[in-house]
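Each value in this text was obtained by applying a stated rule to the coordinates, not by laboratory testing. Computed from a predicted structure; not experimentally measured. When we count neighbours, we look across all protein chains shown, and the Cβ atoms used for this are built from the backbone with ideal geometry, even at glycine.
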Amino acid sequence: MGEKTDVWQGTLALMILKTIETLGPLHGYGIARRIEQTSGNLISLNYGTLYPALLKLEQEGSIASEWGVSENNRKAKFYRLTRSGRKQLNQAAQDWEQTTAILARFLSPTEDLA
Amino acid sequence: MKRVRAWMLRLAGVFSNQQRQREMAEEIESHVEMHTEDNLRSGMNREQARRDAILKLGGVESTKQAYRERNTLPFVETFVQDLRFAIRQHTKNPGFTFTAVLMLALGMGVSVAIFGFVDAALLKPLPYRDPGRLVNVTERVALIPRARLSYLDYLDWKKLNTVFSSMDVFTEDGIALSTSTGTELVAGTRVSDGFFRTLGVTPALGRDFYPGEDSPSAAPVVMLSYSTWQKRFAGRRDVIGQAVTLSEVAATIIGVLPQDFQFAPTGQAEFWTTLRASGSCEGRRSCHNLDGIARLKDAVTVQAALADATTIARQLELQYPDTNQGQGASVLALSEMIVGGVRPILLVLLGGAGLLLLIACLNVASLLLVRSESRKREMAVRGALGASRGRLILQFITEGLVLIAGGSLLGLAFAEWAMQLLARLIPADMLAEMPYLQGFGINLHVLAFAGAIALLAAALFSITPALRLVMTEMRDGLAEGGRGSAGTLWRRFGANLVVVELAIAVVLLAGAGLLGKSFYRMLHIDLGFQPDHLATLQIAAPDSSYSKDDQAVALARQVVTRVSTLPGVTSVALGSVLPVSFNGNTTWIRFPDRPYHGEHNEVNERDVSSEYFTTLKARLLRGRYFTDPEDGSKPGVVVINQMLAKQYFPGQDPIGKKIVHYDLDPKSMREIIGVVDDIKEGPLDSEIWPAVYYPLNQAPNPYFTLVVRTSQAPQSLLPTLVSTIHQIDPNVGTSDEATMTQRINDSQTAYLHRSSAWLVGGFASLALLLGAVGLYGVIAYSVSQRTREIGVRMALGAQRGSVYRLILTEAGWLTAGGIAIGLGCSVATATLMGKLLFGVHAWDVSTLAAVVAVLAASALLASYVPAHRAASVNPLEALRAE
């Protein structure tokens, strides 16, 4: 197992939104596990930081929450994407792709910039 | 948008936090459980599984903390916490809180209420278009700074001036109006045609006067005041075009003035008619009956206008030396003319209220300081537990704010009540002369003022205890363990606050004493007659039946005869102008046997019946009074007052000397037959002017005042007087029935002096009370801090007497300091009040001595209680208490 990276500023929200979009309504623990799995366990996620981030997204109206029952019959709070959240996700995803594309051009040694 | 939404939710979170907290706890718990279960499935034992779950979460408490901070606004939450704590603190100490809030409310309420008056009278602009450009324009003579204009002078001024875009005149007019209860005299105003255009007032109904409608040949027209329209014409819109008979002249109603229209100089006028210059007065340049208003042209200052008017007056002096010699000009801002009279009193009252507020604030500040002393330990402990200094100061500020919020709300309520009360205490007649006070109350200005006071108080209250924190080392609070002598800061600073309080109390007491003494002096000046048991009534007979001299004389004799037979009447007289009303209605006299250079010897002219002086109980100094048979058929005679004798016949006997009108009209030649001691013709605080008293029978007039001396209460005679006059002739108008004492007591001068004396007196009593409470607080605190010291002293053999001395000396020094500073300040303040003082000096020794005595006695009383407590200390207990 190699070095684990911390979550970059601002990317956590995007990861959360994408996770919920992919899996549908999900509780905080599920989201945290899923993010770790998706990153191929490369990200060291402090689960505690997830909750303020979820609250922020909820306050901004990107996600909504609701109490429900987990797969193991446990009471848990489920988060789902709102319409505005979906829009935000699409926008952020596009921006991110663009950013990475630009960075990739800079970092690729073989590319001729001229 | 999203951000705003998030902020609003967070702000809401401050208040619904507990519910969220519970949900949060549940959510975290369920998270940990799920994680633990997963860990169990992957083979950990129970303890390990849970530990790993919590570790991965990064700690339950810190997660909750992060979540909480996100859920609310931390600084708002801190404030709300402080607020809760402050309120809890205050409710734990109801005595302190009650005292502090009450003192603040009192100071605030009084200041705000007085400011309400100041705002209505001095700050709020007059309700005219661009009121700052309006001026009052009159002539000026040596004796009278604002003398009236003659009609011909007005026409010249209007034509010749280069500074006014328009100039108009007005004059009061008594109007005889036939009503169901007989002929009533009502107030009217005659104005030149452009009067309302100059003010910038448009009628609410109908039209304004047309140019030229003030000429004698124009058809008579009238505008109604709004209240007259409502009261006498039931507010009907069809009054426009109708005719109304005013003093036997049918005038067409052309307009109704707006409801909010006001014009203080003729405050009660019901009917506004045009000038229609006529009669003997307006044809003569020497007869001054008009008051002027004008609108300044753009960029013309009042000074420039005055210079221009003075130049014109100078020209007219040269052109018409007979009539205009010595007639200068006066131009002043209209607002100055209207509220100039009440300004000094209002400012004194505002000053007094402000001082009271200051005492209240200082008292509360010193209470807060005492409390912060006693909370040294609490602060030290909280500091030791990690509270930052800023956080602790914030706590103090919040506590101060809570007090101020309570005090301000209560104070505003109190102010509203006080304003209504004070407004109700103003007599209706007086209120009519001060129309600018109409509809005053709590408005935006007043609220802003209250807000400013609250801010200042907040600053004061935050700084005082915070200072303590900044200036002392917190750990001292712990080390000292709460015992020991009073803090040095307290000694240096807190105790001195009370000196300032006492000094202010001295200033207010001295002010109240001086105003009270002025008022007393004023009511007890020698009027030159005896005002008790006199009933008075204004009478106006219609010109159609009484304009001829013999008709007027016959009416006068009939009135005297009929009224004399009424029960209780001992003596009846008639006069043109009542005493204690105004100096004015003057005439210019000269002495036929002396050289004359055109100077105007201005003297009050009063036309009185033969019984006038005996009815008033005036004092005859030389010669005799005239008799009833001395009418126009007999040689002209006159009684002069002592001032005239002194001024124009120094060292001579004036009896038998002749005086004549300045134009040497042979009919005006009179022989002086008597000298009467000076009668106060003007207001109570006015000077005595030289006066001539002509026999009414030799200068008959259908308008006069009835004066009746009775053996019973004069008040009860008034209705009978009115009905008796109407029995003689129902067309004779009457008005203003009142007793002489009523007139004097209700006169504006007496009223203003009385109310300022009472109000400042009230402020002073409150100040004394607050000052004494403050002193008591300081001494009591000092005693409580020195209990151990006193115990030691007594254990070492100090007598109770010396303990008393110890405490009383401390109080004595503070009091002496307060009195010394206060006396200095009060002489200075009283000098500023100069105009309001009557017959007393700013340094009136007896008043100041009384103030010192009162304050010293109160201070002794306030400090005796704690001194007694100190002297009763049981040394054993005092030492054991350690």
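Give the peptides B:710-716, A:97-103 in descending order of average Cβ contacts within 10 Å, highest first.
On the way: B:710-716: 14.9, A:97-103: 10.0.
The most tightly packed comes first, giving B:710-716, A:97-103.
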As straight-line cross-link partners of B:Lys64, the qualifying aspartates and glutamates (C-alpha separation under 12 Å, not fewer than 8 residues apart within one chain) are B:Glu23, B:Glu26, B:Glu27, B:Glu29
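Which GluC sites (Glu not before Pro) does region B:226-318 hold that lie in a coil by DSSP with at most 10 other beta carbons within 10 Å? Working shown, then result.
Working: sites: B:Glu248, B:Glu270, B:Glu282, B:Glu317; in loops: B:Glu248, B:Glu270, B:Glu282.
Answer in residue order: no site qualifies.
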Within 10 Å of the Cβ of an average residue in B:625-637, the count of other chain Cβ atoms is 0
In vacuo Debye sum over C-alpha of region B:2-72, base-10 log of normalised intensity I(q)/I(0) at q = 0.13 Å⁻¹, listed in q order, is -0.47
Applying a 4.7 angstrom Cβ cut-off across chain B, unpaired cysteine residues come out as B:Cys361, B:Cys825
Under the rule rounded for a/c under 1.5, else prolate if a/b exceeds b/c, else oblate, using alpha carbon gyration tensor axes a ≥ b ≥ c, region B:102-246 is classed as oblate
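Which pairs break 23 Å Cα to Cα here: B:Lys159/B:Lys667; B:Lys634/B:Lys657; A:Lys75/B:Lys2? Display every interim value, and only then the final one.
On the way: B:Lys159/B:Lys667 35 Å; B:Lys634/B:Lys657 17 Å; A:Lys75/B:Lys2 30 Å.
Too far apart for the 23 Å limit: B:Lys159/B:Lys667; A:Lys75/B:Lys2.
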Once both label points are put 7 Å beyond Cα along the C-beta direction, the B:Arg197-B:Ala428 separation in nm becomes 3.7
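What are the equivalent ellipsoid semi-axes of region B:78-182, built from the alpha-carbon gyration tensor (square roots of five times its eigenvalues), in whole angstrom, biggest first?
Values: eigenvalues 674, 96, 43 Å².
They are 58, 22, 15 Å, listed largest first.
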From the Cα centre of region B:31-66 to that of region B:258-315, the distance in Å is 94
Computed over region B:542-731, the relative contact order (Cα-Cα under 8 Å, seq sep at least six) in percent reads 34
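Using a ≥ b ≥ c from the Cα gyration tensor of region B:517-589 (square roots of the eigenvalues), is it rounded, prolate or oblate, where a/c under 1.5 gives rounded and otherwise the larger of a/b and b/c decides, a/b for prolate? Before the final figure, lay out the partial values.
Values: a/c = 3.11, a/b = 1.50, b/c = 2.08.
Oblate, since a/c reaches 1.5 and b/c is not below a/b.
Peptide B:49-58: average number of partner chain Cβ atoms within 10 Å per residue? Don't skip to the answer; put the middle values down first.
Numbers: counts 0, 0, 0, 0, 2, 2, 2, 8, 9, 6.
Across the residues of B:49-58, the mean count of other-chain Cβ atoms within 10 Å is 3.
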From DSSP H assignment alone, runs of 4+ in chain B each adding -39500 (n - 2.57), the sum over residues rounded to the nearest 500 puts [θ] at 222 nm at -17500 deg cm²/dmol
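So what is the relative contact order of chain B, in percent, for Cα pairs below 8 Å that sit 6 or more residues apart? Intermediate values should be presented prior to the final figure.
On the way: 1478 pairs, mean separation 131.8, N = 882.
Normalised by residue count, the contact order of chain B is 15 percent.
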Highest mean packing first, using Cβ neighbours within 10 angstrom, the peptides B:604-612, B:872-880 sort as B:604-612, B:872-880
Taking Cα pairs closer than 8 Å and at least 6 residues apart, the relative contact order of region A:11-107 in percent is 31
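Mind checking the mean number of beta-carbon atoms from other chains within 10 Å of the Cβ atoms in A:72-81? All intermediate terms of the calculation are to be shown ahead of the outcome.
Working: counts 5, 0, 6, 5, 7, 6, 0, 0, 0, 0.
Average per residue, whole number: 3.
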About its Cα centre, region A:11-107 carries a charge dipole, from +1 on Lys and Arg Cβ atoms and -1 on Asp and Glu Cβ atoms, whose size in debye to the nearest 20 is 160
Bounding extents of the protein assembly as shown in its principal axis frame from Cα atoms, largest first in Å, are 141, 91, 61
Of B:37-43, B:691-697, B:109-115, ordering from highest average Cβ density within 10 Å down gives B:109-115, B:691-697, B:37-43
Expressed in angstrom and rounded, the centroid-to-centroid distance over alpha carbons for region B:83-108 and region B:627-687 is 70
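Evaluated at 37 °C with a viscosity of 0.692 mPa s, what Stokes-Einstein diffusion coefficient in µm²/s does region B:148-326 have when Rh comes from the Kirkwood expression over alpha-carbon pairs? Walk me through the numbers before you get to the answer.
Working: Rh = 17.4 Å.
Reported coefficient: 189 µm²/s.
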Note on region B:217-285: alpha-carbon gyration tensor, axes a ≥ b ≥ c; rule is a/c under 1.5 for rounded, else prolate if a/b larger than b/c, else oblate; result oblate
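Using alpha carbon coordinates only, what is the Rg to Rh ratio of chain B, with Rh defined as the Kirkwood radius? Before the final figure, lay out each step's value.
On the way: Rg = 38.1 Å, Rh = 33.6 Å.
A ratio of 1.13.
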Check: C-alpha center region B:1-25 vs C-alpha center region B:838-875, spacing in Å is 58
Comparing A:Ala104, A:Ala76, A:Ala93 in a Gaussian network model of chain A (Cα, 10 Å), the one with the largest mean-square fluctuation is A:Ala104
